Structure formats: C-alpha cells, structure tokens
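The values are calculated or read from the model by the stated rules, or taken from the named source; none is laboratory data. What you see is a predicted model; the values in this text were computed from it and never measured. Neighbour counts run over all protein chains shown; Cβ positions are idealised from the backbone, glycine included. Note: areas computed on protein heavy atoms with side chains; ligands, DNA, RNA excluded. Shrake-Rupley method; radii C 1.70, N 1.55, O 1.52, S 1.80 Å.
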Amino acid sequence: MNWKEKLGGYAENEEILQVYEDWGETEYLKEVVSVLNRYNPEWNKEKELGSWAAEFILDLLEETEEEFEELGEEGRCARFEEMVEERYEDFRSGHQFARINNAAIQAEAAGEQEKDIRAAVDARGEDVGFPVFISIE
C-alpha cells in the first residue's frame, strides 16, 4: 500500500509514516491499536497521545518484536496491555507539557497573553494527531 499517499497531510510526520510502512500490514499494529482503544478511546487525539502516538507505538512494537512468535496473539496483547498500563500516562504527560510549552513560545513570539495559551492548547485537543487507517475487528 502507498502509505505516503494515504497519509496525506500526516505524511510529513516521519514516525507516523514509519509506523504504517513497517507495521501497517501486520496483525501486531492492529493488536496495539486495539489495546490503545480499550485503554482510552481518544488516545490518538492531541489531548492524549496525539502526534506522539507514533513514537509510543513504535516503542511498543520494536521493544517486543523478538517475542512476537513465541507469545502468540493472546500473549502479545497481554504484553501490550501491560506496557500501555505502565507507560501511557507518563508519555501523555510529556506530550501535554510539550504542547503547552510550544504554545507558550508561540504566544510569546506573537505577544499574546497567558490565557490565550491555554485556550489555544484546549482548542486543538480534539485534533487527531495519529490517523488510524487499519480496520480493527
């Protein structure tokens, strides 16, 4: 599949492209997305992992890649659930800090007031930072 074309506006994000080029045709990516959907259905929005989701997903997949065959689907999903439970909140917090920090830098450069920073961050919270182009049963 031509993931670059399918990703459209997201294609400039090399990590999203890497997720789909390396893992898009695999059951492993479907399993991770399914686990994330159960953990937090809004994981791919900017108010959660958003644009950092690609790095999070790559970390999970690449770290467990050598175990895939021996674990089987049930074992992989259990491992992914454990990893998401351990890491999600820290990763989300880092993403949110970066979003606020970037908005503050941009607001300062534009001469905006502090309340506008929070409004700008909140307004983009519903934006999808990681598009899901795979079907999950």
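Being small (Gly, Ala, Ser), within 16 Å of the chain's Cα centre (by Cα) and more than 18 Å from Trp23 (Cβ to Cβ) is a condition met by no residue of the stretch 64-78.
Against the numbered list (1) touching a residue at least 40 places away in the same chain (Cβ under 8 Å); (2) farther than 18 Å from Glu82 by Cβ, Leu36 comes up short only at (2). Close contacts from the stretch 87-98, counting a first residue that is of a type outside the set (A, V, I, L, M) and a second that is part of a helix (DSSP H, G or I), with Cβ to Cβ under 6 Å and a gap of 6+ residues or different chains, come to Phe91/Phe56; His95/Trp52. Residues that are open to solvent by 30 Å² or more (accessible area, probe 1.4 Å) and more than 12 Å from the chain's Cα centre (by Cα) within the stretch 27-40 comprise Glu27, Tyr28, Lys30, Arg38, Tyr39, listed in sequence order.
Just need a number here: residues in the stretch 83-100 that are surrounded by 12 or more Cβ atoms within 10 Å (Cβ to Cβ) and either out of contact with any helix residue (DSSP H, G or I) (no Cβ under 9 Å at 6 or more places or on another chain) or more than 21 Å from Ile57 (Cβ to Cβ) (or both). Final tally of qualifying residues: 1. Here Glu15 clears all of (1) surrounded by 18 or more Cβ atoms within 10 Å (Cβ to Cβ); (2) within 14 Å of the chain's Cα centre (by Cα) except the condition numbered (1).
Restricting attention to the stretch 103-116 and to residues that are modelled with pLDDT under 70 and either open to solvent by 100 Å² or more (accessible area, probe 1.4 Å) or within 23 Å of the chain's Cα centre (by Cα) (or both), the residue that is farthest from Lys47 (Cα to Cα) turns out to be Gln113.
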